[in-house]
Amino acid sequence: MVKCTSVLARREAAAQPRSALRIRWGRLFTIWLPVAGFLAFTLLPIYWLVVSSLKGPGELFAFPIAYWPDNPTLENYTRALTETRLGQLYLNSLFAAGGTCLVLIALMVVGGYAMARFDFPGRSLVLMLFLAAQLLPPVVMLVPVFTMFATLGLLNTRGALVVIYVIMLLPFSVMTMRSFYAAIPEQLEEAAMIDGCTRLGALFRVVLPVALPGLVATTIYGFINSWNELLFAVMLVSSPNLQTIPVGLMSMTDEARTEYGMMLAIAVLALAPSLILFGSIQRWLTAGLSAGAVKG
Amino acid sequence: MRRHALPWALIAPAVVLVGAGAIYPIAYVIWLSGYDYQPYRGGLMVWVGAGNLARVIADETFWHSLRVSAIWVGGSVIPQFMLGLGMALVLNESFRGRGLVRTIILAPWAVSGVVTGIIWLWVFDGTIGVVNDLLLRAGVVDFPVAWGIHEETTWLMLLLANAWRGAPFFAIVLLAALQSIEPELYEAAHIDGASATQRFRHVTLPLILDAVVVSTLLRALWTFNFIDLILTMTRGGPIDATKTLPIYIFDVAYQRGEFGYAAALSVALCMVLVAFSAAWWQLRRLGGR
């Protein structure tokens, strides 16, 4: 895509006498200073978290504060691994987020396809249900979901979080997959069906491979959201050995300051997967998000 | 009829799950709001009819939490929108390293509320926080500020943390809107002698207005409901100063175990949200004329 502004900039540059310095000055104020400001605002808090997590217990609370540790150490990380439930928390979060993604994939691959390619009775009703469900306040669902899960015997089980996360993420996922499918020409599966494929065979062999980037982006969106979720994780799971990272982290903010080094280390480890996943698929994710986004 | 069997079979599991997980809770909340129900204390359901709603109307904490919610939503969405618009305008320019800059600037969107809370609590720490250190060095303050115990400084901390995490959402949506504008429109305006400000006001703004209205409404609703950050940073304190309505409902349900009253408060919350959305939509129609 041609950027309008770059076209304009080039024209202005061509119209003016060649003075590279002058053009750079203009861009300094319109581009580089704001970019530097936004980068600093985004990165400095993360930098401070990571640097603090590398300080030993003596240095962490030393005054004046050090912007780079004199003796960087991984002590907080090794202590967190051996002295806290970090390993357990990590596994629980992986199970909740991973399980959610597997179920989501199974349901959104076919559900999104139905919404993209078929006009069936009740389709607009389904659309309305999915739109409304995305606007439902989670805190309103708290009591009903708790009571429902208690009746079903799901409270304090590994499956509880998977079930509620799938329910909360399904509308967005199906709608996003629908828009990815809709961008693929229908002749693709028509050709495959002429060659003897069934409709579903065409979906899995021909259409899905083309829609794979969209599927990956939507799945990772689901992973990040369930990895980060707090409200239902607090409410539906109370036994410590089933808790997820956000719940464990939040309870650590109440603990003694001597434990803060470990809390910061765990926060870094909780942050890492989200940031890495986001970075790897940012391009697709932002495209998909703006295509069918309702959730923040 | 048979040709409709396939799409329905494909979508049915999702419809059943979403229906059970969305419609049932709404119906249940409305039904339960007529009962006094405290499952941890005997768990008897006592029909109180409109008694719970009357209690909501007489509940000072409810009205207080609504005012707090208004500060929380307004103080979050307005700065986040301005920051996000700034980010989108800059990221819409072409410059070296734009891809990397875009990834970094948008990244806080993927950070959880809890980790965001921990990061900013640490930055604003009362004794060894960066903010205090910088202010002391610059001579702005003589003693470290205890950010978390005053109402105003708590809000500053909370809203700044939320802006950090929330501005990328606006940047993402507005950037997409900006990139869908035809370059020819700018060239035409340029040839007609429009200044940069005029081009923004008369070309850019009208064309992204729909994205602005929709994204601010969604963000407002979402911020209203968002409690992770407040739970991590302040738990609604100091002395209820940051207790939004969802935090209050969470307290009533989770800490006090009053499910019936929490349901009644939830019904009130839904009414507030519907009224707010309707008002916002009306405002947009008036503005569009």
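Some points to look at:
- In summary, A:Glu186 fulfils each of the numbered conditions (1) of a type in the set (D, E, K, R); (2) at the interface with chain B (Cβ under 10 Å from one of its Cβ atoms); (3) in contact (Cβ under 8 Å) with a residue 40 or more places away in the chain with the single exception of condition (2).
- The listed residue being part of a helix (DSSP H, G or I), touching a residue at least 24 places away in the same chain (Cβ under 8 Å) and either under 23 Å from the mean Cα position of the chain (by Cα) or surrounded by 20 or more Cβ atoms within 10 Å (Cβ to Cβ) (or both), out of A:Val140, A:Val110: A:Val110
- Hits in region B:196-219 (condition: under 25 Å from the mean Cα position of the chain (by Cα), surrounded by fewer than 21 Cβ atoms within 10 Å (Cβ to Cβ) and either closer than 16 Å to B:Asn162 by Cβ or among the polar types (S, T, N, Q) (or both)): B:Thr216, B:Leu218
- On inspection, B:Gly148 does not qualify as within 14 Å of chain A (Cβ to nearest Cβ), in a loop (DSSP other than H, G, I, E, B), within 21 Å of A:Met250 (Cβ to Cβ) and within 28 Å of the chain's Cα centre (by Cα).
- Among residues of region B:179-213, those that are closer than 30 Å to B:Leu269 by Cα and either within 9 Å of chain A (Cβ to nearest Cβ) or modelled with pLDDT of 85 or more (or both), counted: 4
- Scanning region B:108-124 for residues that are free of Cβ contacts under 8 Å to residues at least 12 places away in the same chain and either surrounded by fewer than 24 Cβ atoms within 10 Å (Cβ to Cβ) or under 17 Å from B:Thr234 (Cβ atoms) (or both) gives B:Val115, B:Trp122, B:Val123.
- Residue check for A:Ala62: buried (at least 17 other Cβ atoms within 10 Å of the Cβ), facing chain B (nearest Cβ under 9 Å) and out of contact with any Gly (no Cβ under 9 Å at 6 or more places or on another chain): no
- A single member of A:Glu229, A:Glu259, A:Glu255 is modelled with pLDDT of 95 or more and either under 20 Å from A:Tyr90 (Cβ atoms) or in the same structural domain as A:Gly159 (by TED's automatic domain parsing) (or both), and it is A:Glu229.
- Region B:17-58, residues that are exposed (fewer than 12 other Cβ atoms within 10 Å of the Cβ) and within 10 Å of another protein chain (Cβ to nearest Cβ): B:Ala27, B:Trp31
- Qualifying positions in region A:228-272 - among the hydroxyl-bearing types (Ser, Thr, Tyr), surrounded by fewer than 20 Cβ atoms within 10 Å (Cβ to Cβ) and more than 23 Å from A:Thr147 (Cα to Cα): A:Ser251, A:Thr253, A:Thr258
- In region B:81-129, of all residues being assigned to a loop (DSSP other than H, G, I, E, B) and of a type in the set (Phe, Trp, Tyr), the one that is farthest from the other protein chains (Cβ to nearest Cβ) corresponds to B:Phe124.
- Scanning region B:9-51 for residues that are touching a Gly at 6+ places or on another chain (Cβ under 9 Å), in a helix (DSSP H, G or I) and at pLDDT below 90 yields one hit, B:Gly51.
- Restricting attention to region A:120-137, the residues being touching a residue at least 60 places away in the same chain (Cβ under 8 Å) and in a helix (DSSP H, G or I) number 2.
- Selection of helices (runs of 4 or more DSSP H) fully inside region B:198-272 by the criterion of at least 1 residues being in contact with a strand residue (DSSP E or B) (Cβ under 9 Å, 6 or more places away or on another chain) and closer than 20 Å to A:Asp254 by Cβ returns nothing.
- Every listed requirement among (1) under 20 Å from A:Met115 (Cβ atoms); (2) crowded, with 21+ Cβ neighbours inside 10 Å is met by A:Leu212 save one, (2).
The values are calculated or read from the model by the stated rules, or taken from the named source; none is laboratory data. Please read all numbers here as calculations on a predicted model, not as lab measurements. All Cβ positions, even for glycine, are placed from backbone atoms using ideal geometry, and neighbour counts span all protein chains on display.
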